[in-house]
Amino acid sequence: MKTRAFSLIELLVVISIIALLLAILLPSLPRIMDSGRRTACSASLRSIGQAVELYKGDYNEIMPVGTYMPRPWLNFLNDDGTWPTSFNTAISEYFEIDSKAWKCPGDRAVHDVTYTDDNGREQIGGSSYMYVSSLGGERIENSFFYERLNLPLPRIPVAHDFDGNTYETQDGRLIPVDFFHSTRNLLFGDGHVGKYDQDQGPQQPG
């Protein structure tokens, strides 16, 4: 039995349908990819928030003491010139410091910024997320946000995407950082992750 071949007209119809589908789908592809990156970042921040809760459970509800960003981002050094403990190091017992979750898929500059450590070895920063370090060392209910601004836990910022600006490293490099995605993610004091517009400040969640 002979198989029937496509006629030229049928082939053109198929090609036209494929072209139409591509025209419909391609404009939405960047939005889909952006949404995927944002969702992945949100899940990572939520996991980091769970690690913070575990830390608090072991330390009488005290928030972790750590720098806003790890080395090499600009920080105040200890009196002896050593580097202070970073946030990702402070909670490393509860969330592995080399976990892929510390890097947002949309981050092209922050997590992988390099520096030379005290032993002459090249290292990377290792985090896409900024910690609100002023919370460290006290209960969140005793923080400036809670006592002075009267913000409830669901409105107190804990960590967020470190993006959308030019940031300085300890050795004076200025590194421009694009937005990771169309809206920023922010971890709040009750453990949930919200999103807010790029043009809002990091501590002014929408």
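The values are calculated or read from the model by the stated rules, or taken from the named source; none is laboratory data. Just so you know, these numbers come straight off a predicted model, no measurement behind them. Positions of Cβ are generated from backbone atoms using ideal geometry, with glycine treated the same way; all protein chains shown enter the neighbour counts.
Of the residues that sit in segment 79-123 and are in contact (Cβ under 8 Å) with a residue 60 or more places away in the chain and closer than 21 Å to Thr166 by Cβ, which one is nearest to the chain's Cα centre (by Cα)? Please lay out each step first, then the result.
Restricting attention to segment 79-123, the residues satisfying the condition of being in contact (Cβ under 8 Å) with a residue 60 or more places away in the chain are 87, 104-110, 113.
Subset that is closer than 21 Å to Thr166 by Cβ: 104, 106-110, 113.
Numbers: Cys104: 5, Gly106: 9, Asp107: 8, Arg108: 11, Ala109: 12, Val110: 10, Val113: 14 Å.
Ranking the candidates gives Cys104 first.
Just the residues that are touching a helix residue (DSSP H, G or I) at 6+ places or on another chain (Cβ under 7 Å) and part of a loop (DSSP other than H, G, I, E, B), please, taken from segment 102-158.
Cys104, Pro105, Gly106, His111, Gly126, Ser127, Ser128, Ser143, Leu151, Ile156
Just the residues that are of a type in the set (Asp, Glu), under 23 Å from Thr39 (Cβ atoms) and either free of Cβ contacts under 8 Å to residues at least 60 places away in the same chain or surrounded by fewer than 19 Cβ atoms within 10 Å (Cβ to Cβ) (or both), please, taken from segment 128-175.
Residues of segment 128-175 that are of a type in the set (Asp, Glu), as a first pass: 138, 141, 147, 161, 163, 168, 171.
Cutting the leftovers down to under 23 Å from Thr39 (Cβ atoms) gives us 161, 163.
Passing the criteria: only Asp163.
What single numbered condition from (1) hydroxyl-bearing (Ser, Thr, Tyr); (2) modelled with pLDDT of 95 or more; (3) out of contact with any strand residue (DSSP E or B) (no Cβ under 6 Å at 6 or more places or on another chain) fails to hold for Ser35?
Condition (2) is where Ser35 drops out.
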